[in-house]
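Here is the structure we will look at, set down as structure tokens.
The values are calculated or read from the model by the stated rules, or taken from the named source; none is laboratory data. Note that the structure is a prediction, hence the values are computed from the model and not measured. Cβ sites come from the backbone with ideal geometry, for glycine too, and all protein chains shown count toward neighbours.
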Amino acid sequence: MHILVDPLITPTGTHHIGKVLDAASAHLLKSAGGVLLPYDPEVGQRRNGVCSIAMRAYDATHKSNPMAPSVLPGPIVFVGEGCKVYWALKLKAPRGDQYEGRISMLASTTQSGPGMVRIQPLDADSIDLANVRGAGNHWWATGSFYVRPMQTGFASFDYYVVSPEVIEPVWAAVTLTRE
């Protein structure tokens, strides 16, 4: 199963965020420009009723600093025993024809506190921003990694950005699936 994480208008109608799709429908919407992530509704719901998707919107104060590496806070999700985390980050379009730099998703250092599980992503990918593409005013970076927390609970992730230009996120989405 997949879930739509960005609204999409097609000749067949409007498709809203959170629409759950089977493989055939997901393929059609992805080919029409839809942004989808793998989705397993049982991952979060089987223990505590929390669903296996989280989103976070950003305002104008959340942007990277071109003079130094930057941390952008990401979504908070409920993680259980071994699962795979998929993420998408919607960015405002670059000033030129492409971005420069890299972006990675790491365990949060800015969003911690009582009740939060500290984890370290395994095999997290670092995305070359030159490969990020989009349409119109928005571009999307996507990635995935495995986590194996020592206990179940809420975990937070941050986006670590190194770029000589300002990166302005619009929203972030995270889904979880079983390993």
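Which residues, counting only those in region 87-101, are among the basic types (Lys, Arg) and closer than 18 Å to residue 72 by Cβ? Please lay out each step first, then the result.
Step one: list which residues in region 87-101 are among the basic types (Lys, Arg), which gives 90, 92, 95.
The answer is 90, 92.
A single member of 77, 5, 85 is surrounded by 20 or more Cβ atoms within 10 Å (Cβ to Cβ), in contact (Cβ under 8 Å) with a residue 12 or more places away in the chain, outside the structural domain of residue 150 (by TED's automatic domain parsing) and within 16 Å of residue 143 (Cβ to Cβ), and it is 5. Considering only residues in region 130-157 that are at pLDDT 75 or above and part of a loop (DSSP other than H, G, I, E, B), the one that is surrounded by the fewest Cβ atoms within 10 Å (Cβ to Cβ) turns out to be 151. Screening residue 109 with (1) part of a strand (DSSP E or B); (2) surrounded by fewer than 16 Cβ atoms within 10 Å (Cβ to Cβ) gives one miss only, at (1).
Residues in region 88-103 that are modelled with pLDDT under 80 and surrounded by fewer than 16 Cβ atoms within 10 Å (Cβ to Cβ): 93, 95, 96, 97, 98.
Residues that are farther than 21 Å from residue 56 by Cβ and assigned to a strand (DSSP E or B) within region 85-102 are absent altogether. If the condition is being surrounded by 15 or more Cβ atoms within 10 Å (Cβ to Cβ) and either modelled with pLDDT of 85 or more or over 15 Å from residue 140 (Cα atoms) (or both), then region 23-35 contributes 25, 26, 29.
Would you please name the residue that is modelled with the highest pLDDT, looking only at residues in region 104-129 that are touching a Phe, Trp or Tyr at 6+ places or on another chain (Cβ under 8 Å) and of a type in the set (Gly, Ala, Ser)?
Here is the first cut: in region 104-129, the ones touching a Phe, Trp or Tyr at 6+ places or on another chain (Cβ under 8 Å) are 104-108, 115-117, 121-125, 129.
Retained after the next criterion (residues that are of a type in the set (Gly, Ala, Ser)): 104, 107-108, 115, 124.
Numbers: 104: 85, 107: 77, 108: 78, 115: 72, 124: 69.
It comes out as 104.
Does residue 60 meet the test of being surrounded by fewer than 14 Cβ atoms within 10 Å (Cβ to Cβ) and small (Gly, Ala, Ser)?
Details: surrounded by fewer than 14 Cβ atoms within 10 Å (Cβ to Cβ): yes; small (Gly, Ala, Ser): yes.
It is true that residue 60 is surrounded by fewer than 14 Cβ atoms within 10 Å (Cβ to Cβ) and small (Gly, Ala, Ser).
Quick one: is residue 30 outside any loop (DSSP other than H, G, I, E, B), in contact with a strand residue (DSSP E or B) (Cβ under 8 Å, 6 or more places away or on another chain) and without any contact (Cβ under 8 Å) to a residue 60 or more places away in the chain? Taking the combined requirement at face value, the residue satisfies it.
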